[in-house]
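Notes to accompany the following structure.
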Amino acid sequence: MLGLTTFERIIKYLKLLGKNFEVDKKNNQIIVHEKMNGKEYRVLLGVTKGWVWMALKCASLEEIPEEYRGEIMFSLLRINNDYAEVSFGINKDGNILLREEILESALTLDIFIEEYEALLVGIDVFNKLLKEITSPVPQKEGK
Amino acid sequence: MGISEEFSKGFEKVRFYLELMGKKIVDIDERNLVMLIEEVVNGDKIPIEIQIAKPGWVVIRSILMSGDEVQKLVGSTHILYRELLRLSFRFPEFNFAMDDSYNIYIVHYIFLGALSFDVFEEEYHAIPAAYQRFKNAVYPEIKRIMEEEQKIEFV
């Protein structure tokens, strides 16, 4: 794409996809506002050392009751194995994030959509997992 | 192009790329579209498995720790999981995953539509490099954290 930097190409793709976003020039990041199941999420995007990266915060470890944290982290590593498109990690502030990377030279609209959509699939997977682990199993009556 | 045809093409492409890179395939399962390469880095043999998987990914992975080793860390596995997830976020070359036998892998995925020599070469080379780094620096550091947090003695 003649004349456009990788960062500008991402902006172009987001416009084509009709996303609601803002550019944080100071931090060289783009913030996309997503709404899913009535909840708002912020997807961060940027370009660092030849990679286009995108990240979506799922939850803070601290928000999760301590007794469930081990099981949640174990499940996230299992999901990293079972879902090719989903990759969970934890940042230095203890936030659980979904992260995707695209080699700058491999960036096309099709690849961008694939990886971006993976974040949205991932948050859905995460929310279901969290509910499943932290919801008490209904007890049978009488015993 | 049907799915199986697309997968076969992807498989042949990967085989061709490995040839270009001078890599020797030590085992191949054409039915399940899996091939195994053995890298030797600083005397360590590193098995790298490459598979074309549904719904359209090239999966490159190498085992880092066996499930038996992980299960020995009774009481501190959550620290191991936390540190692996932290590293997964911090370094794009580290994407850790675990199977249902608790084996820990370093894994890279390439969307079949994005498969090109440059991308494959980059992702492939990241595996032995990350393996070495894990063994030499990361795991000793994780052990140190586990010892500190749990006061566990490692033999």
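Every number here is computed from the coordinates shown, using simple stated rules; none is lab data. Just so it is clear, the model here is predicted, and its values are computed rather than measured. As a convention, Cβ positions derive from the backbone with ideal geometry for all residues, glycine included, and neighbour counts pool all protein chains shown.
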Per 0.36 nm of contour for each residue apart, how much would the distance between residue A:93 and residue A:42 grow if the chain were fully extended, relative to their Cα-Cα spacing? 16.7 nm
Under 15 Å from the Cβ of residue A:74, count the other residues' Cβ atoms, weight Lys and Arg +1, Asp and Glu -1, and hand me the total. -4
Once the in-chain neighbours fewer than 8 apart are removed, the aspartates and glutamates whose Cα is under 17 Å from residue A:15 read A:24, A:34, A:110, A:114, A:115, A:117
Among residues other than residue B:98 whose Cβ falls under 11 Å from its Cβ, what is the net charge (Lys/Arg +1, Asp/Glu -1)? -2
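Which of B:13/B:135; A:128/B:143; A:19/A:39; A:49/B:45 have a Cα-Cα distance over 21 Å? Please report the intermediate quantities before stating the final value.
Numbers: B:13/B:135 31 Å; A:128/B:143 32 Å; A:19/A:39 16 Å; A:49/B:45 30 Å.
Where the Cα-Cα span goes over 21 Å, the pairs concerned are B:13/B:135; A:128/B:143; A:49/B:45.
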Would you calculate the separation in nanometres between label points at residue A:16 and residue B:41, each defined as 7 Å from the Cα along the Cα-to-beta-carbon direction? 3.5
How big is the convex hull of the Cα atoms of chain A, per residue, in Å³? 142
FRET efficiency estimate (nearest 0.05) - Cβ-Cβ, residue A:124 to residue B:137, R0 22 angstrom: 0.05
Using every Cα-Cα pair within chain B, state what percent have a distance larger than 20 Å. 52
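So what is the relative contact order for the stretch A:10-115, in percent, with contacts set as C-alpha pairs under 8 Å and at least six apart?
21
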Dividing the alpha-carbon radius of gyration of the protein assembly as shown by 2.2 N^0.38 Å (N being the number of residues), what value is obtained? 1.05
For residue B:9, go through the lysines and keep the ones whose alpha-carbon is under 17 Å away, minus same-chain ones fewer than eight residues off. B:54
Straight-line reach from residue B:24: which aspartates and glutamates have Cα under 18 Å away, leaving out those fewer than 8 places along the same chain? B:12, B:38, B:39, B:44, B:49, B:121, B:122, B:123
Please give the contour-minus-distance gain from residue B:125 to residue B:8: 0.36 nm per residue of separation, less the Cα-Cα distance, rounded to one decimal in nm. 39.8 nm
Say R0 is 22 Å: what FRET efficiency, to the nearest 0.05, do residue B:149 and residue B:99 get from their beta-carbon distance? 0.30
Beyond 12 Å, what share of the Cα-Cα pairs of the stretch B:1-62 is found? Please give it as a whole percent. 68
